[in-house]
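Just so it is clear, none of the values below were taken in a lab; they were calculated from the coordinates. Remember, predicted model here, so these are calculated numbers, not experimental data. Cβ sites come from the backbone with ideal geometry, for glycine too, and all protein chains shown count toward neighbours.
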Amino acid sequence: MTVKETYEIDLFGDYYLSPVRLSDSESTYRAFIRPEITDNLAGPATDNYTLQDAIDFLSSCEKQEKEVLYPLVWGIRSRKVSSPTLIGCIDIRPSQIVKGQEGHIPDPNLKEPFAIFGFWLDTDYRRKGITSAALRALVYEVGVKQYKISHFYGNCFAGNIGSRKTFESVGFKFVQLAKDGAIKLVPYQVRDEERFALILDQNL
């Protein structure tokens with residue numbers, strides 16, 4: 001795994017990460033109107049997701065990137081795919097920046113900085129280890145190296161086997177089943193949430 005000065009993180013083979021851009025609008029829009037992708041996501045917040053919604057989201061990501069130490073929202077990409085290269089997305093949410101996440105970790109009174117993740121991947125690229133590689137990259141290259149975080153948490157709707165396997169493949173341990181712990185925005189549903197933790201040596 002290598003990190004380039006242009007905010008590009010190589011994963012393996014032809015797969016890599018780079019921050020999301022407005023040029024990803026069409027790919028994001030097409031992903032978020034597909035139930036096989038959104039069924040296990042909390043969002044989007046509208047049942048009539050439009051290209052403008054994607055543009056607004058990516059614009060906010062680009063604006064945020066200028067205000068933080070290191071990018072938080074990354075496109076999962078393949079060099080074999082012609083432009084646009086986006087095949088998925090993963091984000092890291094450091095508690096120092098993204099507030100109000102305490103309700104989704106096992107100990108809401110935790111004083112140490114922590115981070116939570118969110119991700120999706122196009123169905124054609126699943127079961128190849130791509131999301132696991134992306135998650136590992138964000139933990140170590142962004143969370144540890146850039147934000148000095150050692151407490152990492154993951155969550156997913158109960159029964160989401162794919163996400164559970166992704167967390168466990170990176171070393172996260174299942175720690176809690178939170179009854180009615182998560183909300184899916186559209187259609188509105190209250191769901192049980194599986195929670196995972198990865199606590200690293202602070203001297204890494």
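Assessment of region 13-28 against the conditions (within 19 Å of Val81 (Cβ to Cβ), aliphatic (A, V, I, L, M), over 17 Å from the mean Cα position of the chain (by Cα) and outside any loop (DSSP other than H, G, I, E, B)) yields at least one matching residue. Pairing each residue of region 113-141 that is touching a residue at least 40 places away in the same chain (Cβ under 8 Å) with any residue that is among the aromatic types (Phe, Trp, Tyr) and part of a helix (DSSP H, G or I), provided the two are 6+ apart or on different chains, yields C-beta distances under 9 Å for Trp120/Phe32; Thr131/Tyr125; Leu135/Phe167.
Residues that are assigned to a helix (DSSP H, G or I) and crowded, with 17+ Cβ neighbours inside 10 Å were ranked within region 145-175; the one that is farthest from the chain's Cα centre (by Cα) is Arg164.
Yes or no: Ile105 within 28 Å of Ala45 (Cα to Cα) and buried (at least 19 other Cβ atoms within 10 Å of the Cβ)? So Ile105 passes the test. Pairs are defined by a Cβ separation below 8 Å, a sequence spacing of at least 6 or placement on different chains, a first member in region 71-90 that is touching a residue at least 12 places away in the same chain (Cβ under 8 Å) and basic (Lys, Arg), and a second member that is surrounded by fewer than 18 Cβ atoms within 10 Å (Cβ to Cβ) and part of a loop (DSSP other than H, G, I, E, B); the pairs so defined are Arg79/Asp14; Lys80/Asp14.
Going through region 44-62 one residue at a time, which ones are out of contact with any helix residue (DSSP H, G or I) (no Cβ under 8 Å at 6 or more places or on another chain) and in contact (Cβ under 8 Å) with a residue 12 or more places away in the chain? Across region 44-62, the qualifying residues are Ala45, Asp47, Cys61. If you go through region 185-203 one residue at a time, do you hit one that is polar (S, T, N, Q), surrounded by fewer than 18 Cβ atoms within 10 Å (Cβ to Cβ) and within 16 Å of the chain's Cα centre (by Cα)? The answer is no; no qualifying residue exists. Let me confirm something: among Lys165, Lys184, Lys128, which residue is within 25 Å of Tyr7 (Cα to Cα) and among the charged types (D, E, K, R)? It is Lys128.
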